[in-house]
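Chemist: The structure follows.
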Amino acid sequence: MNSLASGISLTYCFIIFSILGILSSIYYVNVDGTPSDVRNLIIMISGLFGGPYVGIPSGIIAGLFKYSQGGATALPCAVATVICGIIGSLIHIWNNKKFPKTRHSAILMFLFIGFDMLLIVFLTPPYISIAYIRDIYIITLFGSVIGMVLFSMILNETKSKNKSINYEDLKLKEMENTLDEYNERIENLEEEIQELKNQNPK
């Protein structure tokens, strides 16, 4: 039952992140005529959060959609998106299926945006790549890193609330167990009193 519920949760995550990855390519910030989006942020989070069953297929779908939009940078952007899902998924596995700390996830996003720009340099002519990177690098880097930090903070806050709830449940359970013990002792005492009364009738 748990594996079924886990499978359903992963399916929902895959659908949500795939849709967000596509939407991030449709709705972007126009910087001097150059589109800047947070597609890689979405896919990186999908891998870090959901692992290979979410990050890799979401990355492939978002990458294929980006490539289908065409343009001089369509190929490197699509390749970067797929690699992004793979890297996020691998880190998810290496980190024992835990989302990285805020600092680590921000550094990871910072480094990957640099890798993304490097792919654009290698896979597009210099007269295109240099102008493209000059226009979007800073805003893409800023948006992606800040987005990763915010997501990580929200996730940590949610986990801390769940922990406090679990702690309260645990304390309540302990109190219930203690109450049961006292009730059992009272019952035993009542039985002993009744036995004494029976042994010493007036």
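Chemist: For the stretch 31-55, name all the residues that are hydrophobic (A, V, I, L, M, F, W, C) and closer than 11 Å to THR81 by Cβ. Break it down stepwise before answering.
Modeler: Start the filter on the stretch 31-55 by keeping residues that are hydrophobic (A, V, I, L, M, F, W, C), which leaves 31, 38, 41-45, 48-49, 54.
Result: LEU41, ILE42, ILE43, MET44.
Chemist: Which count do you get for residues in the stretch 142-199 that are at pLDDT 75 or above and aromatic (Phe, Trp, Tyr)?
Modeler: Residues meeting the conditions: 2.
Chemist: Sticking with this one: Being farther than 21 Å from ILE61 by Cα, touching a strand residue (DSSP E or B) at 6+ places or on another chain (Cβ under 8 Å) and modelled with pLDDT of 90 or more is the requirement here; does ILE139 meet it?
Modeler: Working: farther than 21 Å from ILE61 by Cα: yes; touching a strand residue (DSSP E or B) at 6+ places or on another chain (Cβ under 8 Å): yes; modelled with pLDDT of 90 or more: yes.
The answer is yes for ILE139.
Chemist: If I go through the stretch 33-63 residue by residue, how many of them are of a type outside the set (A, V, I, L, M, F, W, C) and touching a residue at least 60 places away in the same chain (Cβ under 8 Å)?
Modeler: Summing the residues that are of a type outside the set (A, V, I, L, M, F, W, C) and touching a residue at least 60 places away in the same chain (Cβ under 8 Å) in the stretch 33-63 gives 6.
Chemist: I would also like to ask the following. Going residue by residue through the stretch 81-92, is there one that turns out to be open to solvent by 40 Å² or more (accessible area, probe 1.4 Å), on the phi < 0 side of the Ramachandran plot, at pLDDT below 95 and not in a loop (DSSP other than H, G, I, E, B)?
Modeler: No, the stretch 81-92 contains no residue that is open to solvent by 40 Å² or more (accessible area, probe 1.4 Å), on the phi < 0 side of the Ramachandran plot, at pLDDT below 95 and not in a loop (DSSP other than H, G, I, E, B).
Chemist: Could you tell me which residue of the stretch 64-73 is most open to solvent (accessible area, probe 1.4 Å), considering only residues that are in a loop (DSSP other than H, G, I, E, B) and free of Cβ contacts under 8 Å to residues at least 40 places away in the same chain? Steps first, answer last, please.
Modeler: Within the stretch 64-73, the first condition is being in a loop (DSSP other than H, G, I, E, B), and the residues that meet it are 69-73.
Adding the requirement that they be free of Cβ contacts under 8 Å to residues at least 40 places away in the same chain leaves 70-71.
Numbers: GLY70: 41, GLY71: 63 Å².
The extreme case among them is GLY71.
Chemist: Considering only residues of the stretch 8-41 that are within 15 Å of the chain's Cα centre (by Cα) and under 15 Å from TYR67 (Cα atoms), which is surrounded by the fewest Cβ atoms within 10 Å (Cβ to Cβ)?
Modeler: Per the criteria, the residue is SER18.
Chemist: I'm told MET117 meets every condition in (1) over 14 Å from the mean Cα position of the chain (by Cα); (2) closer than 18 Å to SER18 by Cα except one. Can you identify the failing condition by its number?
Modeler: Of the numbered conditions (1) over 14 Å from the mean Cα position of the chain (by Cα); (2) closer than 18 Å to SER18 by Cα, the odd one out for MET117 is (2).
Chemist: Quick test for you: out of PRO76, PRO57, PRO125, pick the one residue that is in contact with a helix residue (DSSP H, G or I) (Cβ under 7 Å, 6 or more places away or on another chain) and open to solvent by 20 Å² or more (accessible area, probe 1.4 Å). Don't jump to the end; show me each part of the working.
Modeler: Numbers: PRO76 fails: open to solvent by 20 Å² or more (accessible area, probe 1.4 Å); PRO125 fails: in contact with a helix residue (DSSP H, G or I) (Cβ under 7 Å, 6 or more places away or on another chain).
Residue meeting the stated conditions: PRO57.
Chemist: Tell me, please, whether a residue that is more than 18 Å from THR140 (Cα to Cα) and outside any helix (DSSP H, G or I) can be found in the stretch 15-33. Step through it out loud before you land on a result.
Modeler: Narrowing the stretch 15-33 to residues more than 18 Å from THR140 (Cα to Cα): 15-19.
Then keep just the ones that are outside any helix (DSSP H, G or I); that gives none.
No, every residue in the stretch 15-33 fails to be more than 18 Å from THR140 (Cα to Cα) and outside any helix (DSSP H, G or I).
The values are calculated or read from the model by the stated rules, or taken from the named source; none is laboratory data. Just so we're clear, the structure is a prediction, and the values are computed from it rather than from any experiment. Positions of Cβ are generated from backbone atoms using ideal geometry, with glycine treated the same way; all protein chains shown enter the neighbour counts. Heavy atoms of the whole protein, side chains included, go into the accessibility calculation; ligands, DNA and RNA do not. Shrake-Rupley method; radii C 1.70, N 1.55, O 1.52, S 1.80 Å.
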